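Each remark here refers to the structure printed beneath this line.
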Amino acid sequence: MTEQIVPASQLIKLSVSKTKTFLNCKKQYKFTYIDKFPRKTWDFHLFGTFCHRVLEIFHLAYVHGSTNPYNKEMSSAYKIAVSEYADKMTSDALQDCKNIIHNYLKKIYKNGLDKIIGVEKRFELNINGNIILNGAIDRIQVDSDGVIHVADYKSTKDKKYLVNDFFQLLTYAYIMINENPNLTKVRASYIMLRHDFQYITEEFEREEILKIKDKYIDYASKILNENMFDAKPSPLCKFCDHLERCEEGKRKVYKENFFGETSW
């Protein structure tokens, strides 16, 4: 049977963040992914990226067989990351990251380093002929019981919004199931960098993981058939890259700033 070739005009690339943007605010999605207006550089995003980079370099060294002491390898990883980002980071942010990785070093000296087999694993999976799912998994490890464990680092100070939101982790579990059809379950966690590397963990069975494909198919259909791209104002408007272009968002932020609205 000849493989069907899908016209490029019908292809849609989705990621966790792209899909969530559409679900949270269609107008923001349009500004970001259709109009492709310039995006802002936020300090909290930059901080997260920097911490991710330090941990990526550190863990990659041991994936490749390093036998150096943890503190020596971490010092090297930090210096490399600083050389890449120092001109963009404040001294307070650099010190904040130092404190985070210092706490991590204490933890792994006490408990040992997990069996990490992959870091920043990039993927691009065509899930049904016209939907390409892409992104990167921060960390993949094999736990002591032999279960594959995917994880995403979070540098947020507020962890409550993650407790019941496992869409991202189910996506990563789906990637692992596709790579290894023999897997029957995948463990997945958000790792809270500012909370002493606390894990928010769920274990997903194969049947639940596979359902994420249908969700992406549904979301892709909604995106491709959307015409209005209406705004959905919320307190998050103040962090939108395109606030200056959005009258609904500006009204929302103005109302919060001057009238004390705090409800979500």
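The values are calculated or read from the model by the stated rules, or taken from the named source; none is laboratory data. All values reported here derive from a predicted model rather than from experimental measurement. Virtual Cβ from ideal backbone geometry, glycine too; neighbours counted across all protein chains shown. Heads up: the accessible areas ignore ligands, DNA and RNA and are worked out on the full protein's heavy atoms, side chains in. Shrake-Rupley method; radii C 1.70, N 1.55, O 1.52, S 1.80 Å.
Enumerate the pairs (first residue in the stretch 56-74 and of a type in the set (D, E, K, R); second residue anywhere and assigned to a helix (DSSP H, G or I)) with beta-carbon separation below 7 Å, excluding pairs fewer than 6 apart on the same chain, so at least 6 apart or on different chains.
As it stands, the answer is E73/F58; E73/A61, since those pairs meet every condition given.
Please specify each residue of the stretch 122-136 satisfying the condition of being more than 14 Å from Q168 (Cβ to Cβ) and touching a strand residue (DSSP E or B) at 6+ places or on another chain (Cβ under 8 Å). Can you show your working first?
Of all residues in the stretch 122-136, those more than 14 Å from Q168 (Cβ to Cβ) come to 122, 124-132.
R122, E124, L125, N126, I127, N130, I131, I132, listed by residue number.
For the stretch 158-175, how many residues meet the condition of being of a type outside the set (A, V, I, L, M) and either in contact (Cβ under 8 Å) with a residue 60 or more places away in the chain or exposed (fewer than 14 other Cβ atoms within 10 Å of the Cβ) (or both)?
Step one: list which residues in the stretch 158-175 are of a type outside the set (A, V, I, L, M), which gives 158-161, 164-168, 171-172, 174.
Then drop every residue that is not either in contact (Cβ under 8 Å) with a residue 60 or more places away in the chain or exposed (fewer than 14 other Cβ atoms within 10 Å of the Cβ) (or both), which leaves 158, 160-161, 164-165, 167-168, 171.
Result for the stretch 158-175: 8.
Got a sec? Which of D87, D96 is in a helix (DSSP H, G or I) and touching a residue at least 24 places away in the same chain (Cβ under 8 Å)? Show your work before the answer.
Numbers: D87 fails: touching a residue at least 24 places away in the same chain (Cβ under 8 Å).
Just one listed residue meets the conditions, D96.
What single numbered condition from (1) on the phi > 0 side of the Ramachandran plot; (2) part of a helix (DSSP H, G or I) fails to hold for G65?
The number of the failed condition is (2).
In this structure, is E244 at pLDDT 95 or above, within 23 Å of D152 (Cβ to Cβ) and either open to solvent by 50 Å² or more (accessible area, probe 1.4 Å) or in contact with a Phe, Trp or Tyr (Cβ under 9 Å, 6 or more places away or on another chain) (or both)? Spell out how you get there, then give the answer.
Details: at pLDDT 95 or above: yes; within 23 Å of D152 (Cβ to Cβ): no; either open to solvent by 50 Å² or more (accessible area, probe 1.4 Å) or in contact with a Phe, Trp or Tyr (Cβ under 9 Å, 6 or more places away or on another chain) (or both): yes.
Judged against the criteria, E244 is not a match.
Test I131 against the stated conditions and say whether it is surrounded by fewer than 15 Cβ atoms within 10 Å (Cβ to Cβ) and of a type outside the set (D, E, K, R). Don't jump to the end; show me each part of the working.
Details: surrounded by fewer than 15 Cβ atoms within 10 Å (Cβ to Cβ): no; of a type outside the set (D, E, K, R): yes.
It is false that I131 is surrounded by fewer than 15 Cβ atoms within 10 Å (Cβ to Cβ) and of a type outside the set (D, E, K, R).
Results for (1) part of a strand (DSSP E or B); (2) of a type in the set (D, E), shown as yes or no for each residue.
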position: R39; (1), (2): no, no
position: G48; (1), (2): no, no
position: E56; (1), (2): no, yes
position: A61; (1), (2): no, no
position: I80; (1), (2): no, no
position: K106; (1), (2): no, no
position: Q141; (1), (2): yes, no
position: S144; (1), (2): no, no
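Taking the stretch 176-211, which residues are surrounded by 20 or more Cβ atoms within 10 Å (Cβ to Cβ) and farther than 17 Å from D145 by Cβ? Even if it seems obvious, please write down each step before you answer.
Here is the first cut: in the stretch 176-211, the ones surrounded by 20 or more Cβ atoms within 10 Å (Cβ to Cβ) are 176-177, 186-190, 193, 200, 204, 209.
Within the stretch 176-211, I177, Y190, L193, I200, I209 meet the criteria.
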